[in-house]
Structures are given as C-alpha cells and as structure tokens.
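Coordinate-derived values only; no laboratory data. All values derive from a computational prediction rather than experimental measurement. Ideal geometry is used to build each Cβ from the backbone, glycine not excepted, and the neighbour counts take in all protein chains shown.
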Amino acid sequence: MALLELHNLKKYYATQKAVDDISFSLEKGNIFGLLGPNGAGKTTLLRMITGIFFPDEGKIMFDGKEFDPLNDIVHIGYMPEERGLYKKMKIGEQALYLARLKGLSKADAMASIKEWFVKFEMQSWWNKKVEDLSKGMSQKLQFVTTVLHEPKLIILDEPFSGLDPVNSNLIKEEIYKLAKKGSTIIFSTHRMEQVEEICDHIILVNKGQKILDGTVPQVKQDFKENLFRIRFNNPILPEHLAIHLFEVKDKKEKELVIRRDKDFSNNDVLQYFINKGLAIESFNEILPSLNDIFIKLVEGTPAARQFQPVTA
Amino acid sequence: MNKIWLVIQREYLTRVKKKSFLITTILVPLIIIGFYAAILAVQISDSSETAKIAVIDDANLFGGKLESTDKNIQYDFVTGDTEQGYKTKYKKAGYNYFLYIPKIDINDPKGINIHSEASLGITTKSKVERAVNNALEAKRMEAANIKADQFKSINSDITITNPLDSGKESSTTAATIVATVCGVLIYMILMIYGTMVMRGVMEEKISRIAEVIISSVKPFQLMLGKIIGIGLVGITQFAIWFVLIFLLMTVLPTIFPSLMEQAQTAASSQAATPGMLANITNSLSSLPIGLILFCFVFYFIGGYLMYASLFAAIGSVISEDQQEAQQLVFPIMMPIILGFVIMTKAITDPNSGLAIFGSMFPLTSPIVMMARICFDVPAWQLVTSMILLILGFLFFTWLTAKIYRTGILLYGKKITWKEMIKWMLRRS
C-alpha cells in the first residue's frame, strides 16, 4: 500500500518552475532515494511533503487520505539539509522540546529519548549544550530528534554528511531497522554509492521534473549497455577477436571487456570462445553504476539554474 | 494551541533560567538605588575640608561679625593690614582663602576679591557670595529705611494652583514627572524587548533550526509563541523590579531611619523651594494612579505585541550580516524615536495637535499616550487610541507574519524591501 502519493505537484516561483508536474508514489516500509543535481527542486519538493510549502497545483495523499499538514506532520520526521539545533539549549531539553512539538506527551517523549540515547551511547550528553558537541555528535543528535516520535514517513536530507564510517554505519543500521518496522524513508543525497547500497527505489528529478522512477535493479537493467567482463585461463590472441559478435572495449592479457551486439545472445558469445579453445574462468555482466546513470541523465543541465533569483 | 504553549514555555524558560537574566534583573534596581544612595550620601556628608577664610573688611560691611551658615566655612576677621600686604601672609596664618572688602559704595560695590592658591570651589564661592550679598542687602535696606521685618512682609512667594473644570485639581509638576517616567519606560520596553525578539528570530534562522521547527509547527505559531514568551519575560522582569524597589523603599527607612531623615533634609535644603518635594509627594496622590497603571499595562502589552511582530519580521529576513540588521531595523526604530520626540513635546503641551495625533497613531501612541494620560485625557481620545492600537497590532501581525513565513526559510540571500513588500501583498 502506498504511504505517500504525489499527483501532478507543481510549485512555481517568479522566475523558475521549482517543481513542475511531479507525480510518484511511495510504498510503505521502503527506502526511497530522491536524487537530483543541485537546484533540481528537491528541497522545494520535500518542503511540500513536510507541509512547509503549499503546492500551487496538484494533490498529496498521505496514508490513504488527502494530506492535511496540520494533523499529518506529527507522522513525519524531517531532517533538512541545513542542520539546525538551538546552540545554547541543553541536549536533553532540546530533544524533549522537539519531541513534544511532534505531539508526544512528556512521559512518552522521555521514554523514547532514553531509549535512543542508550542506543547511540549519548546518555552522558543530557546536560551538555549543542555548542559543546562536535559536528558528528550533533549530527547524531539531529538524527535522533528526527525519529524520536516514530514517524510513518522519515525524510533525511544527506544524513551521512560529516559522519565518520563508524557512526555512518550506526545510522545506516537504524535506517534499516526503522524501515523494517514499517517506516517509509525518503533519502535525499548526492552520494550515489550510498543510494545503491541503501535504497530500494529511486526517483531522479532534474529541472523540476521527474526523469527517472524505479527500483534500483530495474533502473540498472534499463540503462545497461550489454557490457561483459570475461576472464580466461589462457592468453588471448589477436585472431580470437576478429568477429562481429561483439566489440572489444578493453583488453588485458587474460581478460576482456566487450560490448555484445544486441542481435546475439550470451550463449552465442560463450559458444564462440569455447569453439576457439579458450578456457573461460568467469563471465560477468557489467551493470552501470547509479553514478554513471546520474551523470548521463543530468549532464548538460545548465548549472546556472541554482543561481537564478528565487523570488517566492 | 498546545504547540504555541510549548513554544512559549521554551522561549520563557530558556531566557529566565539564564544567568544573565538573573544578574540584570536583580542588579539593575540595586544599581539604580545604589546610585541614588551614593548621591544622597555625597549630599549628606559634604565634609570636604573646612574652608578657613580670613576677612579684611575695610568697608565695615559685616560690622565685625559674620556668622557662618555652614559648618564647613569659618570666617575670621583680620585687622590692621592691607590687601596687598596680607595677600602673602594668609597662607602662613593658616587660612585657605582671603576675602578682601575695600571701602565701597554700597550701591556700586566694586573690588571685592577673594584670594586663593587654587581656584575656589563653586559651592564655597556661592556661599561666600551669598554672605556678602546678604550683608549688602541689609546695608541697602538700612539706607532706604526699610526694616528687615517690613521687607519680609512685603516679599512674596506664592504657588499657583490649577483647578480643572471637572473639579479635580491638576498637579503639573507631579504629572510631568510621572508622564516622563511612563513614556521613557514604554520607550525602553519597546526597544529592549523588541530587539530581544529580533535576536531570537535571527538565532533560529542562522542556526538553521527554523526549518526543523517549521516542519512541526506553523510559522505563525512559532512567531506568536516567541513574542508571547519574550513578553512574559519582560513582565516577569518588571514585576521583580517593582517588588525589589518597593521592598528597598520600605525596608531601607526602617533599617536606617536616621539616614533617611538626613537624606530628606539634605534633599529639601537642596531643592530650590524647600516645600517642593512635599508638594510633589502630596500631588502624586491627586493623579489618577489606577488609570495610569491600567494604561501602562495596556500600552505595554499592546505596543510590545505590535512592535515585536515588526522586529520578528526583520529578524526573519536577516541572513548572517550584522550590518544588514542595522540597516533593516532602522525604519522600525524611526517611529519609536518619533514617538519619544512627540512625547517630550506632549509633556510641555499635552493638548496640542501633534500630541493628540501622536497619541492616536498606533506606532507612537504607546509612548505618547502614556505621557498624556497624566494630564487628564478626554475619554473618547483614550478609547479611540486603544482601539486603534488593537487594530494596528492585528494589522501589523497579519502583515509581518507573511514576511516571517517566507524570510525564515530563505538562506544566504540578501532580501530587499521590494521583495518584502511583494510578500506582504501576496495572498496566502
């Protein structure tokens, strides 16, 4: 069942179409990657989903009903790209305040904070102030305050920036656990290797429009170029390669990277090498990385878009 | 509603719990009272070194006897020497000063000198002058054949009372003092707590927490919560000040009764007319204290709420730059300062056109009306002013909420007045 559905969402500023007719739907319990170059309209899109902005046109359905910011925002946890905490406020009080703003009672909030502080080994921080924390520490706190109220929808904008690998893993694990418990997660980032690792489903936006929508394996299949890596046990001789079945992209002593002609099958290729008397050690398809797909799709977008005046 | 309450609580508690709040709240009245105590103390113990003055009275002006009215001044008559001759000797004889009165025409006294090493203090000089003048006046009266008693009965010193048509008695002096104090207080409240709101909003924007909070509460709730929270801080601060000052005023005299007595005599001897202080104290009771207090609370709250929303809007459009803050805040400071200027006019002429306008116009009325209120304002003017203030508050809050809502989420970009006006005109 879809937790969030966007129907033809539009938000126009005076000089640019920040979000121009975007529709998609997010399944419950999945992790979504929202990708796009700088200034593609991601933040505007997220702000509409979090009820900060009203769309000019279009409809948002949340959990089966029309999105009602006033009541539904308590089911959303939003960690914006621009991190922010009250610098002079004590950490414990701050977490309590943010949790209560999300509608938790004082007792529930305390219980949830204690649980998360133990999980992240933050118990001793309670009376410290945010200004005393390192960047990574405040990042952890920010994450905790985002998920304290067990939101149905968690939106994380670059959640790993500024975190060391240990803490990155810690948070990654928690994201998986939250998704397993039924939270839907939108994960906005530029780090494609993280998207590949974490996300089930990706949506790519550029210039305010959705240009890609699908599961990670599906997208990779859609953009594959029939590239294969073949390893042999004996050296390859030049006469082995004079054939119309494939085009050689790279050649080492015992290894080939080829692009298979689309009129032939893998079996045809393998059959050919076997007939030539070459011992095949391995045969793998090379799927494009999301990074490649991203660059391919977005390349050529004028970067100046982000410098246009945003007069709201 | 619940969320506004949470915001109010946070804004209030984080400020009240700060050490700096405690320090300013408790120290300010102590400093004020300490300051006055110091002034009184200086007045009471005017025990600077005694001035010993040698007098050569060639005109026989004093008839050989000059009673000092001041215990710090001591006159001694010297005979059988000249001005030039004694000039070099008075120091050795143990005197600080040497007063020489030549043979003079009492109607055209000239050549009266007082010699000293360093220049004479103004107090001592005026005391000596008074003594000489008194002696001269006595001589002149004698010459004109007027007896001292006669003169006293002729001399006139009256105060004019100003009964109003409504039957009440006006008390201009007291009214002026109370009016000034009230006006200045409101002026300070608007400035101090207004800037506090602005800085609070800036803090939220610069630390980027605004977006997190806005994803939980509506911008208007956040703005209102902040304004009310800081307003309560102001009320708390004032309440503590009033209590502290009241306590000190009542406690001090009981602990040091003699001190206060001395202070009072010192104060009354210092005042031009001895009865003035008593006059003021008496006429204070003739002022409509209840009405003044009510209006103070009303204009405090109304003026604060209106200006705080303006300051909040300015805070929301400032991106890091302090200098930018000063430029943007200037147009808001202007009407406050204008109000202050009109107030000073209103005190001297409470019923002038300018004063009446100033006390009606919502942006200046909290300051100006507070000053006018002590001078018996017609009821219709007061009611109109209050209604206009409430309308002004609603209007400005509605307008500024629109700026605030957009400004608080816009980072790293200088926002012009043109853009702000565009946001204001946009329908929500």
For chain B the mean separation of alpha carbon contacts under 8 Å (6+ apart) over residue count, i.e. relative contact order in percent, is 19 percent
Over chain B, with a Gaussian network built from C-alpha contacts below 10 Å, which listed residue (B:S309, B:S68, B:S385) shows the highest mean-square fluctuation?
B:S68
For B:K345, which lysines qualify as cross-link partners when the Cα separation must be under 26 Å and same-chain residues fewer than eight apart are set aside?
B:K168
Treat the protein assembly as shown as a sphere of radius equal to its Kirkwood radius over Cα pairs and apply Stokes-Einstein at 37 °C in a medium of 0.692 mPa s; give the translational diffusion coefficient in µm²/s, rounded to a whole number.
97 µm²/s
Quick check on chain B: take the gyration tensor over C-alpha atoms, sort the square-rooted eigenvalues as a ≥ b ≥ c, and tell me if it's rounded (a/c under 1.5), prolate or oblate.
prolate
Unsatisfied cross-links (Cα-Cα over 28 Å) in the set B:K89/B:K125; A:K17/A:K140; B:K3/B:K205; A:K106/B:K226
A:K17/A:K140
In Å, what Kirkwood hydrodynamic radius results for the range A:154-255 from the alpha-carbon pair distances?
17.4 Å
What ³J(HN,Hα) values, in whole Hz, does the Karplus curve 6.51 cos²θ - 1.76 cosθ + 1.60 give for the range A:254-261 when θ = phi - 60°, with x put for Gly and Pro?
10, 9, 10, 10, 10, 10, 6, 5
Residues of type lysines that A:K251 reaches as a straight line, Cα spacing below 27 Å, ignoring anything fewer than 8 places off in the same chain
A:K220, A:K224, A:K262, A:K276, A:K296
What are the ³J(HN,Hα) values, in whole Hz, obtained from phi via the Karplus relation 6.51 cos²θ - 1.76 cosθ + 1.60 with θ = phi - 60°, for each residue of the range B:8-20 in sequence order, with x given for Gly and Pro?
4, 4, 5, 4, 6, 5, 4, 7, 5, 7, 5, 4, 5
Within chain A, which DSSP H helices have Cα atoms that stretch 24 Å or more along the helix axis and a mean Kyte-Doolittle hydropathy of at least 0.0?
none
Table column - 3J(HN,Hα) (Hz), the range A:58-70, Karplus curve with 6.51, -1.76, 1.60, x for Gly and Pro:
x, 9, 10, 10, 10, 6, x, 10, 5, 4, 10, x, 4
For chain A, modelled as a GNM with alpha-carbon contacts under 10 angstrom, which of A:F143, A:F24, A:F246 fluctuates the most?
A:F246
Between A:P288, B:L382, A:L270, whose Cα lies farthest towards the positive end of the dipole of the protein assembly as shown when Lys and Arg beta carbons carry +1 and Asp and Glu beta carbons carry -1, centred on the Cα centre?
A:L270
Starting from the Cα gyration tensor of the range A:2-215, multiply each eigenvalue by 5, take the square root, and state the resulting semi-axes largest first in whole Å.
29, 19, 17
Any idea what the relative contact order of the range A:225-286 is, in percent, if you count C-alpha pairs under 8 Å spaced at least 6 apart?
49 percent
Counting only residues 5 or more apart in sequence or on a different chain, those whose built amide H sits under 5 Å from that of A:I155 are A:G77, A:Y78, A:M79, A:I186
Name the shape class, rounded, prolate or oblate, that the alpha-carbon gyration tensor gives for the range A:225-286, where a ≥ b ≥ c are the square roots of its eigenvalues, rounded holds for a/c under 1.5, and otherwise prolate holds if a/b is larger than b/c and oblate otherwise.
rounded
Check cross-link reach from A:K119 to the aspartates and glutamates: straight Cα distance under 13 Å, and skip same-chain residues fewer than eight apart.
A:E173, A:E174
GNM on chain A, C-alpha springs below 10 Å: top fluctuator among A:I155, A:I295, A:I198?
A:I295
